[in-house]
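Colleague: Input: one structure, supplied below.
The values are calculated or read from the model by the stated rules, or taken from the named source; none is laboratory data. Quick caveat: nothing in here was measured; it's all calculated off a predicted structure. Glycine gets a Cβ as well: all are built from the backbone with ideal geometry, and neighbour counts include every protein chain shown.
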Amino acid sequence: MTARYINPKHLVLMHLALSRIYEGTFDEGDIKNLLLGMRDCLQEASLKSRQMQSAPAAIRLGLPYLVDIAHSIAHPEMKDQGPIRNYVKSADFQMAKALKKMPRHRIFSTDEQSKTINIALPPAIKPLKAYDLTIAFLSFLPEIFPEAIELDTVAKQGSDIEICLLSLLHYMQLPLLDDPVEQENPNELRHGYLAFHTWQGSHHIYAGVVNSHYGNVLSGGSNQNARAKPFINVLPVFNSAVPADGDLTFDARNPAILFAERGASEKLVLKVIGVLPSATV
């Protein structure tokens, strides 16, 4: 691995973050500091791993998305490229394509008030595994901290690390999913975002897509049939197997502002700060 300069102040933050992982007292801020320091090295490792057939699948699959998360943290205003964005664009297209061919009995439900629709997930869409992110993160730590890191101890914090990684993805904005030249009316352009969505006892990361291709399919492309308010359709991006804690549930159609923090009991929790109006998503 090619050596690179890391700001000494940030390097101290990274070592503090690692010590908190050992102690089990870390939160998403510590994972964020580690990702920012690992960013360039992660990208280099991701490129190499794609050419290594011997690399475990979880690492090869997880590293590119881990790089994407790190870049998104460093440059949130430039989220106009990357594998996560490409996945959401492709999945929205595949969902609309499936809806055109889908018998009505496969459409689970529609909600005219919230402008949402639930349909069976087409086989072409393969949700990503949050576990791959965690494995890629853990496997790369020895590259940053080559001094005999105790991976077994760190790995015990895997579930909390996964929640922190997903929390960093929560509310990531994916502006202008369409090329502006493809649409004459800017108000018809697709806009996406990521958010927690609770399903089958776990908190996953789903994508919400405003002005998605669903709307065009449902209205038949007619302005007369178009809804006054566009559908916000959600689709799975990163599925997690970490059990949800307590009765807290999330809906990606109305995302809450939250952070992964340590509560009074020192247990990692998703702390809700507030909810923005759906119109501002």
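Colleague: Residues being in contact (Cβ under 8 Å) with a residue 40 or more places away in the chain and of a type outside the set (Phe, Trp, Tyr): count how many of those fall in the stretch 257-275.
Modeller: Of the stretch 257-275, the ones in contact (Cβ under 8 Å) with a residue 40 or more places away in the chain are 257-262, 266, 268, 270.
Those still in the list that are of a type outside the set (Phe, Trp, Tyr) too: 257-258, 260-262, 266, 268, 270.
Qualifying residue count for the region: 8.
Colleague: Tell me the residue from MET95, MET78 that is over 13 Å from the mean Cα position of the chain (by Cα), surrounded by 14 or more Cβ atoms within 10 Å (Cβ to Cβ) and at pLDDT below 85, please. Steps first, answer last, please.
Modeller: On the way: MET78 fails: surrounded by 14 or more Cβ atoms within 10 Å (Cβ to Cβ).
Unique residue meeting the criteria: MET95.
Colleague: List pairs: first residue in the stretch 22-36 and touching a residue at least 60 places away in the same chain (Cβ under 8 Å) and within 15 Å of THR134 (Cβ to Cβ), second residue surrounded by 14 or more Cβ atoms within 10 Å (Cβ to Cβ) and of a type in the set (Gly, Ala, Ser) anywhere in the structure, Cβ distance under 8 angstrom, at least six positions apart or on different chains.
Modeller: Once the first residue is touching a residue at least 60 places away in the same chain (Cβ under 8 Å) and within 15 Å of THR134 (Cβ to Cβ) and sits in the stretch 22-36, its partners that are surrounded by 14 or more Cβ atoms within 10 Å (Cβ to Cβ) and of a type in the set (Gly, Ala, Ser) give PHE26/ALA17; GLU28/SER167; GLU28/ALA260; ASP30/ALA17; ILE31/ALA17; LEU34/ALA17; LEU35/ALA70.
Colleague: Looking at the stretch 78-104, I want the residues that are within 13 Å of ALA124 (Cβ to Cβ) and have a partner that is among the charged types (D, E, K, R) and at pLDDT below 85 with Cβ atoms under 8 Å, at least 6 apart or on another chain. Which pairs are those?
Modeller: Filtered contacts from the stretch 78-104: ASP92/ARG190.
Colleague: Separate question: When the residues of the stretch 239-260 are filtered to those that are in contact with a Phe, Trp or Tyr (Cβ under 8 Å, 6 or more places away or on another chain) and part of a strand (DSSP E or B), which remaining residue is surrounded by the most Cβ atoms within 10 Å (Cβ to Cβ)? Steps first, please.
Modeller: Just the residues of the stretch 239-260 that are in contact with a Phe, Trp or Tyr (Cβ under 8 Å, 6 or more places away or on another chain), to begin with: 240-241, 250, 252, 255-258.
Imposing the further condition that a residue be part of a strand (DSSP E or B) reduces the set to 256-258.
Working: ALA256: 18, ILE257: 12, LEU258: 21.
Filtering first and then ranking leaves LEU258.
Colleague: Residue pairs, Cβ under 7 Å, 6 or more apart or interchain, first in the stretch 155-166 and free of Cβ contacts under 8 Å to residues at least 40 places away in the same chain, second surrounded by 24 or more Cβ atoms within 10 Å (Cβ to Cβ) and assigned to a helix (DSSP H, G or I). List them.
Modeller: GLY158/THR134
Colleague: Here's something else I'd like to know. One residue is enough: does the stretch 213-231 have a residue meeting the conditions within 28 Å of GLY62 (Cβ to Cβ) and either at pLDDT below 75 or among the aliphatic types (A, V, I, L, M) (or both)?
Modeller: Checked against the condition, which is being within 28 Å of GLY62 (Cβ to Cβ) and either at pLDDT below 75 or among the aliphatic types (A, V, I, L, M) (or both), the stretch 213-231 yields no hits at all.
Colleague: Still on this structure, I have one more. Kindly establish whether TYR206 is modelled with pLDDT of 65 or more, part of a strand (DSSP E or B) and not hydrophobic (A, V, I, L, M, F, W, C). Spell out how you get there, then give the answer.
Modeller: Values: modelled with pLDDT of 65 or more: yes; part of a strand (DSSP E or B): yes; not hydrophobic (A, V, I, L, M, F, W, C): yes.
Yes, satisfied.
Colleague: Of these, SER54, SER90, which one is under 22 Å from PRO175 (Cβ atoms), modelled with pLDDT under 90 and of a type in the set (Ser, Thr, Tyr)? Working first, answer last.
Modeller: Numbers: SER54 fails: under 22 Å from PRO175 (Cβ atoms).
SER90 is the lone residue from the list that is under 22 Å from PRO175 (Cβ atoms), modelled with pLDDT under 90 and of a type in the set (Ser, Thr, Tyr).
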